[in-house]
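The structure appears right after this line, and notes come after that.
Each reported figure results from applying straightforward, stated rules to the coordinates on display, with no laboratory input. These figures come from a predicted structure and were not determined experimentally. Backbone-built Cβ (ideal geometry, glycine too); neighbour counts: all protein chains shown.
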Amino acid sequence: MSVSNEAVGSVRKVVTAIPGPKSQAMHDRRHKVVSKGVSQGLPIYIDKADGAILLDIDGNRILDLGSGIAVTSIGHAVPEVAKAISDQANDFLHTCFMVTPYESYIEVCELLAELTPGDHAKTSALFNSGAEAVENAIKISRHATGRQAVVVFDHAYHGRTNLTMALTAKNMPYKDKFGPFAPEIYRVPMSYPFHDGLGGKEAAERALRMVEAQVGANNVAAIIIEPIQGEGGFIVPAEGFLPALSEWCKSNGAVFIADEIQSGFCRTGDWFASNHEGVVPDMVTTAKGLAGGMPLAAVTGRADLMNAVHEGGLGGTYGGNPVAAAAAVAVIKFMKSQNLPAKARHIGEVVTKHLSDLQKEVRTIGEVRGRGAMIAIELVEPGTKNPNAGAAKAIVKYCNEQGVIALSCGTYGNVIRLLPPLVITDEQLADGLSVLGDAIRAAQ
Ligand SMILES: *Cc1c(COP(=O)(O)O)cnc(C)c1O
């Protein structure tokens, strides 16, 4: 593989305190003009990046196990993608697809039709962010079914706009004092095997009985679910849960929407997490990994649903922007040529083995779970299943000080999630896991 930013190198190296003096000065400057509402996990300011390494303005080489929250799955500074972006930027930046169209938008939709689960007729619409895609999936579902109710799950995360805040479960920091929220959203229990001990079918029954009793099957426009929950704690539902929900939607005329914004595009060792149990959603939302860092999102679904909307009912000034679309085409080509689903499976094996071994000696690890390169540990008070957010915080801090980006998540803030770029080398991964292991032992 060629590299674009050779100066970055491939080895983690911390040369100053984290954050270093230049980053600290930049952070002071930031506080004067950037809203406090937008916060940072790790306030080091980035100069360049390559593969799985970020180079900050103090010269620290940081190992990235977060991929900007599951976005740079192809790694940083991939030359083919950079070239596609610069070529398109030289040709034209924007026309607005609703005014005068261009080919790359169609190419992205062709690739989405090819790669998303199921071989039925599909069409797509492109947007700028995951939240916008989710909003539109709900709009289309309501329009196509003539119904209003939307069913969501405990621990769900679907975004920060008004409708998607209503869909998102966690109050702090996403929702607190930002209401009133959009109506006709109904939350039911998620399948969470570590805590509920239920099989997938039982857990689905519990949720669906509640929907039937409290909402009424005939009022449900859509059920929306992340096949593996992201921000909510990398919760993997028990086998059988997703197929049962999908079946119920089929029988009851509701739209089954898989929010694959975090789990999609090779992350879980397959193109989409829904494939694991052969679930074919009526609609899929994608973003994050789709364009490798350019803002692009999509709703892809059954053509009859997607085309039910009146002409002009969907769109947006920038949705499917030419530069973002050109990037997505290059990203997907790269994912195919490098067989990134296989890379994600390999990462999953290495990480799961390492963390499961660690679990035997560390009593704060309640569970190791996830799939492919989307693996997490849930931290508990030793001997219980009670959340241990303190340990998660200490682990992230330790990793950061050693120049490793690790992210926490979970409704109770007690989950450490790993989302490395899928191009991470075995040496880099071993290095990151060794730091993480030290951090977990130190936080006991
Ligand atoms: C990140 C995320 C979103 C929101 O995407 P944005 O691009 O931040 O608006 C929605 N759903 C899931 C599952 C996500 O992980």
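Can you pull out the trypsin sites (Lys or Arg not before Pro) in the range 1-101 whose DSSP state is coil and whose Cβ has at most 13 other Cβ atoms within 10 Å?
Sparse-neighbourhood loop trypsin sites (Lys or Arg not before Pro): Lys36.
When the Cα centres of the range 410-444 and the range 213-231 are compared, how far apart do they sit, in Å?
32
With springs only between Cα atoms under 10 Å apart, run a GNM on the chain and tell me which of Phe92, Phe272, Phe194 wobbles the most.
Of Phe92, Phe272, Phe194, the most mobile in the Gaussian network model is Phe92.
Length gain on complete extension for the stretch Lys32 to Lys397, per 0.36 nm per residue less the alpha carbon to alpha carbon distance?
128.9 nm
Percent relative contact order of the range 82-337, based on C-alpha pairs within less than 8 angstrom and at least six residues apart? It would help to have the intermediate numbers written out before the result.
Numbers: 507 pairs, mean separation 77.4, N = 256.
Reported relative contact order: 30 percent.
Build a GNM of the chain with springs between Cα atoms under 10 Å: which of His76, His354, His31 gets the top mean-square fluctuation?
Greatest mean-square fluctuation among the candidates belongs to His31.
Specify whether the C-alpha gyration tensor of the range 82-337 places it in the rounded, prolate or oblate class, a ≥ b ≥ c being the square roots of the eigenvalues: rounded for a/c under 1.5, otherwise prolate if a/b is larger than b/c and oblate if not. Numbers along the way, then the final one.
Numbers: a/c = 1.73, a/b = 1.57, b/c = 1.10.
It is prolate, given that a/c is not under 1.5 and a/b is the larger ratio.
Using DSSP to define loop residues, name the trypsin sites (Lys or Arg not before Pro) in the range 168-242 whose beta-carbon has at most 15 other beta-carbon atoms within 10 Å.
Here the trypsin sites (Lys or Arg not before Pro) that fit, given the DSSP loop and packing criteria, are Lys175, Lys177.
Provide Thr300, Thr384, Thr352 in ascending order of the number of other Cβ atoms located within 10 Å of each residue's Cβ, fewest first.
By the 10 Å Cβ count, ascending: Thr384, Thr352, Thr300.
If each DSSP helix of 4+ residues adds -39,500 (n - 2.57) and the sum is divided by the residues in the chain, what number results at 222 nm, nearest 500 deg cm²/dmol?
Values: 14 runs with 168 residues, N = 444.
For the chain, the value works out to -11500 deg cm²/dmol.
Where a ≥ b ≥ c are the square roots of the eigenvalues of the C-alpha gyration tensor, would you call the range 402-444 rounded, which needs a/c under 1.5, or, failing that, prolate if a/b is larger than b/c, or oblate? Present the calculation step by step, with values, prior to reporting the outcome.
Values: a/c = 2.87, a/b = 1.35, b/c = 2.12.
Oblate, since a/c reaches 1.5 and b/c is not below a/b.
I need to check one value: relative contact order of the chain, counting alpha carbon pairs closer than 8 Å and at least 6 residues apart, in percent.
Values: 955 pairs, mean separation 93.2, N = 444.
Reported relative contact order: 21 percent.
Compute the length gained on full extension between Asn162 and Phe194: take 0.36 nm times their separation in residues and subtract their Cα-Cα distance, giving the result in nm to one decimal.
Contour length minus the Cα-Cα distance gives 8.4 nm.
Roughly what % of DSSP beta bridges within the range 82-337 run antiparallel, to the nearest 5?
Of all bridge pairs located within the range 82-337, approximately 40 percent are antiparallel.
Determine the alpha carbon to alpha carbon distance for each of Lys177/Lys393; Lys122/Lys343; Lys48/Lys393; Lys83/Lys333; Lys48/Lys83 and list only those over 20 Å. Working shown, then result.
Details: Lys177/Lys393 25 Å; Lys122/Lys343 28 Å; Lys48/Lys393 27 Å; Lys83/Lys333 13 Å; Lys48/Lys83 16 Å.
Lys177/Lys393; Lys122/Lys343; Lys48/Lys393, as the Cα separations exceed 20 Å there.
From the square roots a ≥ b ≥ c of the eigenvalues of the alpha-carbon gyration tensor of the chain, which class results: rounded (a/c under 1.5), prolate (a/b over b/c), or oblate?
oblate
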